[in-house]
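Report on the structure given below.
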Amino acid sequence: MSRFNFSDLTPDTILNALDELDIGVSSGLLALNSFENRVYQFLDDDRKRWVVKFYRPARWSDAQIQEEHDFAEELAAAEVPVVAPHRLHGKTLHHCQGYRLALYPSVGGRPVEIADLDTLDTLGQYLGRLHQIGAKTSFSHRERLDPALLLANAVTAINESQQIPDYLQRPLDAILKPLVDATLAAFAQVQVPTLRLHGDCHAGNFLEGSQGLFVLDLDDARQGPAMQDLWMLLCGSRHEQESQLAVLVEAYEQFMDFDGRQLRLVAPLQALRQVQHLGWLAQRWGDPAFPLAFPWFAEPRHWENQILNFKESLAALNEPPLRLLTGM
């Protein structure tokens, strides 16, 4: 088995893993939209729908994955609507032929529309409750949100990428270094408490179904500032983002106080995410799923646009932080 990919994860391996867990499969395996891990939906012999998740090899340790599972169970026990792993034989983390896997109940629904203010109100309450639990203790094994380390790893992956056109290498270098320096300087100016986070609160990690909204996928759970779980729910113009933020924070504060200093973290968190995403694609390019899903990554136009996006992110770091509007 390759150290970082799923080259040996065949249908037989998946079925053997489920058989070892005494789970009978009465349907085909439907691959769900996941690139970092491999996730499949199926029906068991009782026609109950499940999802099995195979973790990317060598990404997390067993202790880190178990801490993710424990956090999900803690949230679910506190009635935060998180889809937690299912316990089988007293365990949530299982092993088969070098892979780590977990079983989850399948929750149907559709992605949420984050531009809808009523939806944002609900999400703000959910995140307030999630952070209320997350603040009770700290992670011991999960990673911290460390901008210096995350940016250094991303820049290394970008610089080693073979997809950057030769004529764009110098312009990319010329904007990437000042962007990284400015992002780190912005983080250094804001010292706020950290807590256990969801870590990756984009719209795709919430589902709206017949039983309401559910929070999915704690795979990126980590210790960090509360704003990490809020800023990805903002979109549109600056005024629109400030209006959305006002709704989010008002709902959030029903359960958790919001530290206004966190507003200064929005721009550096956005820049960090942008550099990280590019580095993630570069690092994972050897996984056959990535060239199929992201063919534009190897196109010169993508890198030209990326240079422009980095320039915009650098400019945003010099703008005043978003305001928290009142009286909405």
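What to note about this one:
- Computed extension length for LYS48-GLU73: 6.9 nm, one decimal, from 0.36 nm per residue of separation with the Cα-Cα distance subtracted.
- Selection of GluC sites (Glu not before Pro), the range 110-184, meeting DSSP coil and at most 13 other Cβ within 10 Å: GLU113, GLU160
- Partner lysines for LYS177 [C-alpha distance under 26 Å; skip if fewer than 8 residues away on the same chain]: LYS311
- Compactness relative to 2.2 N^0.38 Å, alpha carbon Rg of the range 4-141: 1.15
- Other residues whose C-beta falls under 13 angstrom from the C-beta of GLN132 contribute a net charge of -2, scoring Lys and Arg +1 and Asp and Glu -1.
- Taking the 1.4 Å solvent-accessible surface of the chain as the whole, the part contributed by carbon and sulfur is 50%.
- Using the 1.4 Å probe convention, the accessible area of the chain works out to 48 Å² per residue with neighbouring protein chains retained.
- Only lysines eight or more places from LYS53 in sequence, or on another chain, were considered; those with a Cα closer than 17 Å are LYS91.
- Estimated from helical segments only, the mean residue ellipticity of the chain at 222 nm is -13500 deg cm²/dmol, where each DSSP H run of four or more residues counts as -39500 (n - 2.57).
- The range 2-78: relative contact order in percent, alpha carbon pairs under 8 Å with at least 6 residues between: 24 percent
- Part-to-part distance (alpha-carbon centres) for the range 228-290 and the range 7-55, which is given in Å: 32 Å
The values are calculated or read from the model by the stated rules, or taken from the named source; none is laboratory data. Fair warning: this is a prediction, and the values are worked out from it, not measured in the lab. Cβ coordinates were reconstructed from backbone atoms using ideal geometry, including for glycine residues, and neighbour counts include every protein chain displayed. Heavy atoms of the whole protein, side chains included, go into the accessibility calculation; ligands, DNA and RNA do not. Shrake-Rupley method; radii C 1.70, N 1.55, O 1.52, S 1.80 Å.
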